[in-house]
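Visitor: Got a structure here, written out as structure tokens. Questions coming.
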Amino acid sequence: MNILYIGDNNKSSTAFHRANSLSRLGHTVTHVNPREAFSLLTIKILDKASFYTGYFWVQNQICKWIDLKLIKRYSSNTFDLIWINSGEEFDSKSILRLDYFNCKKVLYQNDDPGSKRDFRRFDSLKRTMKYYDYAAVVREPNLREFADFGVKNVIRVYMSYDEEVHKPLRHRQIPTIFRSEIVFVGTWIRGDGRDKFLLDLIRAGLNISIWGSRWEKSPLWEDLKIAYKGGSLSGPDYVAAIQGADIAIGFLSHGNRDLHTRRSLEIPFIGGLLCAERTIEHERMYEEGIEAVFWRDSNECIEICKRLLSNKNLIKDIKYAGMKKVRAGAYGNQDICAKIINFIDLNKKYENK
């Protein structure tokens with residue numbers, strides 16, 4: 001299948017990873033990034049302004065980009081499918097321009113447009129959903145919401161690890177800086193409480209390593225910076241930080257109505273021990289205490305971590321069982337992308353009857 005893939009092409013982005021997984025599945029993928037429509041300065045402004053404007057003021061630039069980057073370069077029968085990752089940049093005016101290619105459009109959305117966390121960021125997307133033939137979402141509530149927004153066919157999939165990007169390293173390849181007892185790799189999010197949670201662990205005497213962006217913005221920064229190791233990680237460094245830790249903490253974004261996250265799959269695939277909030281979906285994925293460990297609050301997490309750190313053989317057993325479980329569960333990017341393509345193919349056959 002010839003796929004026009006529209007989404008972030010930064011090598012550390014999950015959109016880039018999914019595009020590559022479609023190529024590994026044997027599809028011909030033309031990957032373009034809609035942010036090429038803007039200068040670097042505009043992108044910096046856009047990132048802030050989009051949360052309050054829903055991208056409505058950039059539609060002329062997006063339309064010009066579609067005309068120059070796509071319509072003038074490719075014939076109308078070049079592609080069999082248009083795969084749009086996120087889709088927040090497109091309004092009705094720009095999304096309809098893609099009808100030039102006379103093929104179906106699928107939206108992959110790993111954020112939560114139905115939540116209120118990101119203000120008006122997804123306003124344009126909500127107005128355009130009726131123009132998509134298919135959508136793939138990662139949260140149960142989005143199934144109904146996307147149908148209400150007008151998407152004709154919606155499939156729910158789980159978040160995913162990447163089979164190539166998250167391959168475990170050889171033990172000797174893990175630098176000393178990435179070896180730790182307990183690690184959290186991720187961003188500080190205002191109001192999510194992860195700074196208070198990690199500080200509780202530090203004050204309980206646990207040895208924590210924190211990697212990620214924006215932590216200096218936390219009101220608790222002065223107390224947390226003793227555990228802070230550096231900025232956001234990707235590629236082999238991210239893998240090394242997870243693999244080199246005895247325990248890896250996995251937080252949810254409650255503003256995004258998470259019941260699992262990418263970390264829920266990436267950590268066990270890499271060979272880390274997932275220590276995350278207890279949810280219905282986490283309990284469906286893993287046998288608690290055998291394949292992963294779960295907590296309801298920082299006090300329970302402290303108890304679990306102290307028990308595990310006193311029994312390194314148990315840590316090894318849970319790591320191995322978690323890795324085995326996640327690999328058997330078809331949670332990789334190739335698995336998820338193949339599921340979406342199969343969903344599209346089945347619906348096409350039904351529509352043609």
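The values are calculated or read from the model by the stated rules, or taken from the named source; none is laboratory data. Treat the numbers as computed from the prediction; the structure is a model and nothing was measured. Methodologically, a virtual Cβ is constructed for each residue, glycine included, from the backbone with ideal geometry; neighbour enumeration extends over all protein chains shown. The accessibility values were calculated without ligands, DNA or RNA, using every heavy atom of the protein model including side chains. Shrake-Rupley method; radii C 1.70, N 1.55, O 1.52, S 1.80 Å.
Visitor: Please report the net charge: other residues with Cβ closer than 11 Å to the Cβ of TYR331, K and R +1, D and E -1.
Guide: Around TYR331, the surrounding residues sum to 0.
Visitor: Rolling a 1.4 Å sphere over the protein heavy atoms, what is the accessible area per residue of segment 197-324, to the nearest Å²?
Guide: 42
Visitor: Which whole-Hz couplings ³J(HN,Hα) result when phi for each residue of segment 307-322 is put into the Karplus expression 6.51 cos²θ - 1.76 cosθ + 1.60, θ = phi - 60°, listed in order with x for Gly and Pro?
Guide: Result, ordered by residue: 5, 5, 5, 8, 9, 5, 5, 5, 4, 4, 5, 5, 4, 5, 5, x Hz.
Visitor: Length gain on complete extension for the stretch ARG284 to ASP200, per 0.36 nm per residue less the alpha carbon to alpha carbon distance?
Guide: 27.5 nm
Visitor: How much accessible area per residue does segment 12-137 have, in Å², with a 1.4 Å probe?
Guide: Normalised by residue count, the accessible surface of segment 12-137 is 43 Å².
Visitor: Round to a whole number: what % of the accessible area of segment 197-251 belongs to carbon and sulfur, probe 1.4 Å?
Guide: Carbon and sulfur atoms account for 47 percent of the accessible area of segment 197-251.
Visitor: Note the full-extension length gain between HIS171 and LEU25 as 0.36 nm times their separation in residues minus their Cα-Cα distance, in nm to one decimal.
Guide: Contour length minus the Cα-Cα distance gives 49.6 nm.
Visitor: Using only alpha carbon pairs under 8 Å that are at least six residues apart, calculate the relative contact order of the chain and give it in whole percent.
Guide: Relative contact order of the chain: 15 percent.
Visitor: Then there is this: Could you check which residue among LEU143, LEU273, LEU96 shows the biggest mean-square fluctuation in a GNM of the chain with a 10 Å Cα cutoff?
Guide: Looking only at LEU143, LEU273, LEU96, the biggest GNM fluctuation is shown by LEU96.
Visitor: Also, I was wondering about something else. Report, to the nearest 10°, how far helix 140-149 tilts away from the longest principal axis of the Cα atoms in the chain, using its own Cα long axis and a range of 0 to 90°.
Guide: 20
Visitor: Could I ask something else about it? Of the accessible area of segment 63-116, with the probe set at 1.4 angstrom, what percent is carbon plus sulfur?
Guide: Carbon-and-sulfur percentage of accessible area, whole number: 46.
Visitor: Distance from the Cα centre of segment 237-290 to that of segment 107-161, in angstrom?
Guide: With segment 237-290 and segment 107-161 each reduced to a Cα centre, they are spaced 23 Å.
Visitor: I'd like the FRET efficiency for SER75 and ASN9, computed as 1/(1 + (r/R0)^6) with the beta carbon distance as r and R0 of 22 Å, rounded to 0.05.
Guide: Efficiency, rounded to the nearest 0.05: 0.45.
Visitor: For LYS196, go through the lysines and keep the ones whose alpha-carbon is under 30 Å away, minus same-chain ones fewer than eight residues off.
Guide: Qualifying lysines at Cα under 30 Å: LYS44, LYS48, LYS116, LYS217, LYS225, LYS229, LYS306, LYS312, LYS316, LYS319.
Visitor: Can you pull out the trypsin sites (Lys or Arg not before Pro) in segment 104-174 that DSSP calls coil and that have at most 13 other Cβ atoms within 10 Å?
Guide: LYS116, ARG170
Visitor: Let me ask something else about it. Bin by bin, in steps of 10 Å, what percent of the Cα pairs in the chain do you find, going until the bin that has the longest distance?
Guide: For the chain, the binned pair fractions read 5, 23, 31, 24, 13, 3, 0 percent.
Visitor: For LEU314 and ARG156 in one chain, what is 0.36 nm times their gap in residues minus the Cα-Cα distance, to one decimal in nm?
Guide: 53.5 nm
Visitor: Can you list the HN-Hα couplings for segment 289-302, worked out from phi with the Karplus curve (6.51, -1.76, 1.60; θ = phi - 60°), rounded to whole Hz and with x for Gly and Pro?
Guide: Per-residue couplings from phi come out as x, 10, 10, 6, 10, 10, 9, 9, 7, 5, 5, 5, 4, 4 Hz.
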